[in-house]
Every structure is written in structure tokens, then in C-alpha cells.
Amino acid sequence: MENSLPNDIELLERLKQDDTEAFKVLFDRYWEGLYLFAWKRLRSRQDAEDVVQRLFMKIWEHRASRNIKASLQAYLYKSASYEVIDALKNMTGRTVDLEGANEYVVPVFSDVLDKLSLEELNELIDREIKRLPDRMQQIYRLSREEDLSTREIASKLQISEQTVKNQLTIALSRLRKPIMQTLLLAVLQEITLR
């Protein structure tokens, strides 16, 4: 390697040619900043290390196909944000991490919910409902907005009760993901501003 360190663009080009030394330089250049970024949001040393490790593993695995248009630094921090979101989702099943989340993430989440008006939240939900297939949307609205029972919906639409149950389960599953992602992104933005 030359005495002067190569810039990010040169390193990315060398990475595409399987240059492990270029990967090491990138890792050394960005690891600490990305770790602190993740730790500030997760408040867990292990989770922050895992986030950065996964991020760099993905960069290495997809080195040949990765075509980064913006600055590498911006790309890495954006990718780290997505990894943090995944880590937050995974925290729900681990009590130890939930204790850390209660101290830091939960208050931020509450602040975000306080800032979101009921109208904004309803608009978000309505936008996602409109993305459902027509029949599923109809069943969901009959259940949630008109408060009809499964039996009443089945009778009204002349379909089986099981079909109604299945459609509602799928609708709730489809609605949950984008709404939670929107809320988690809002939480991350709030954490970033603190």
C-alpha cells in the first residue's frame, strides 16, 4: 500500500477486485464512528458491535455488485440506521436488552408518539389500508370501521367466516410492518437529533 491513504472511491474500486487490504482500510476508517452511532441508539455494547459487524459483512459479501452513488460515509451511516432498526425489532424477544431499551428507546418512542398528532397517525394508517387489495380492504373496513363481527361480514359478503378471518389476519400483518417501520424511523430520527 502507498504511503498516502487512498480515498473511499479508490477503496471501493479495489474492494470490487477482492482487495482485502482495501477492506481493512475501510473497516479501520469507519468502524469506531459506526460503533458509536449504533451504541448511542441501542445502549448495548454487544448489539452495537453486532450491527457494525453485520454491516461490514454485507459490504464484503456484496462488494462486486455494490454501486454506491452518494458518499461512502453517508451510505454506511444510512445502512447502519437500517441495521439498528433490525436490532431494535429483535430486542423485543430479549429481556436484558429490553431493560436498556426502557431507559433510552422507550422514552424517545413516547416523545415521537406525542409529537405525532392523531390525525397524522390516522392518515398513515389510512394510506396503508388503501394499499391493501380491494376485497381485503373491504373486509378490514367492515371489521374495524363498522365494527361488524366475522359472522356478519361473512354473511354480508357471502363468503365463509374462515375467509374473513384469513383476510383480517393478512391485512393486520401487512399493516403492522409499514406502520412500525415508519414509527421506528421517526424514533431513530429523534434519537439522532438528541
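The values are calculated or read from the model by the stated rules, or taken from the named source; none is laboratory data. Note that the structure is predicted; figures quoted are calculated from it, not measured. Here the Cβ positions follow ideal geometry from the backbone for every residue, glycine too, while neighbour counts run over all protein chains shown. SASA here: full protein model, heavy atoms, side chains in, ligands and nucleic acids out. Shrake-Rupley method; radii C 1.70, N 1.55, O 1.52, S 1.80 Å.
When nucleic acids and ligands are ignored and a 1.4 Å probe is applied, LYS16 ends up with an accessible area of around 70 Å². Sorting the segments 62-68, 9-15 by their mean number of nearby beta carbons within 10 angstrom, highest to lowest, gives 9-15, 62-68. The translational diffusion coefficient of the stretch 1-76, from Stokes-Einstein at 25 °C and 0.890 mPa s with a Kirkwood hydrodynamic radius over alpha carbon pairs, comes to 188 µm²/s. Computed from backbone phi, the HN-Hα couplings of the stretch 7-20 come to 7, 4, 4, 4, 4, 4, 5, 5, 4, 4, 9, 6, 7, 5 Hz, rounded to whole numbers (Karplus: 6.51 cos²θ - 1.76 cosθ + 1.60, θ = phi - 60°; Gly and Pro given as x).
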